[in-house]
1. With a cap of 16 neighbouring Cβ atoms within 10 Å, and only residues DSSP puts in a loop, list the GluC sites (Glu not before Pro) found in the stretch 51-154.
2. Tally the DSSP beta bridges in the chain and give the antiparallel ones as a percent, rounded to 5.
3. Please list 3J(HN,Hα) in residue order for the stretch 99-108, calculated via the Karplus relation 6.51 cos²θ - 1.76 cosθ + 1.60 where θ = phi - 60°; whole Hz, with x for glycine and proline.
4. Hey, if you put +1 on the Cβ of every Lys and Arg and -1 on every Asp and Glu Cβ in the chain, which of I144, F79, H42 ends up farthest toward the positive end of that dipole?
5. In straight Cα distance, which lysines are under 23 Å from K23, not counting same-chain residues fewer than 8 positions off?
6. With +1 on each Lys and Arg Cβ and -1 on each Asp and Glu Cβ, and nothing else charged, work out how big the dipole of the stretch 57-124 is about its Cα centre, in Debye to the nearest 20.
7. Please give the calculated 222 nm ellipticity per residue for the chain, where each DSSP H segment of at least 4 residues contributes -39500 (n - 2.57) and the sum is spread over every residue; nearest 500 deg cm²/dmol?
8. For a quick check of your reading of the filter: which GluC sites (Glu not before Pro) in the stretch 1-43 sit in a DSSP loop and have no more than 15 other Cβ atoms within 10 Å?
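Where a number appears in this text, it was derived from the coordinates with a stated rule and is not lab data. The shown structure was predicted, so the numbers you read here are calculated from the model rather than taken from an experiment. Please note: Cβ atoms are built from the backbone with ideal geometry, for glycine as well, and neighbour counts cover all protein chains shown.
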Amino acid sequence: MIKLYGYWRSSAAYRVRIALHLKEIDFESISVHLVKNGGEQHTEEYSALNPSHLVPTLVDGDLVLNQSVAIIDYLDNLFPDVALYPDDLALKAKVQALSLDIACEMHPINNLRVQQYLVKELNVTEQEKMDWVQHWMKTGFASIEAQLVKTSGQYCFADQITFADICLVPQVYNAKRFGVDLSLLPNICRVVSNCQSLIAFEKAHPDNQIDAQ
Ligand SMILES: N[C@@H](CCC(=O)N[C@@H](CS)C(=O)NCC(=O)O)C(=O)O
């Protein structure tokens, strides 16, 4: 059975869980606690599996794979029945671009290790750290909202669930944790609310994970 090393609050692991549930793939969830004892992502055992010291990691037989985007592409190719991209090539590229706006531009600069470095090494205050996180979230979401004005229907791209929705929902969960006000971004709010009414998104939600505290 496929194994997913993740953490309930990790938005990158949350993306993979959504894809697994959308495709109804059985998997075993293994918790890597990102905070306890300095972070289990840094243990010898886990870093042998994933030298980047980040979650998620997917294990499928002999394949050990990191990077949620690569993992989801692998799953999409292996289990194509529920497709995560439109057939139209231009539209597929647009879906990828929006997904990467979140996965490459927004997510990494607010990651746990970045926040820890700001506080521990650069001695910024908790308030300055929050200002950093909120600034980059707001910048990123403003761009996503402007794109959704043109492309969204029920979901990011008309009425088909795509990889873009898989990236958006966890990023919005993250934003709420850090007190970012999204109320003036109606397309993002509508799309996320529609996604969250689906059972796959519900099953993948952080609060519904075995390691949720
Ligand atoms: N680009 C990677 C990002 C992975 C990542 O940053 N994971 C975070 C949780 S969302 C993590 O493990 N952080 C641990 C840390 O910063 O020490 C992916 O999409 O898989």
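1. E121
2. Of the beta bridges lying entirely in the chain, close to 55 percent run antiparallel.
3. 4, 6, 4, 7, 6, 9, 9, 8, 4, x
4. I144
5. K3, K92, K94, K203
6. Roughly 400 debye for the stretch 57-124.
7. Using -39500 (n - 2.57) per qualifying helix, the result is -15500 deg cm²/dmol.
8. Listed in order of number, the matching sites are E24.
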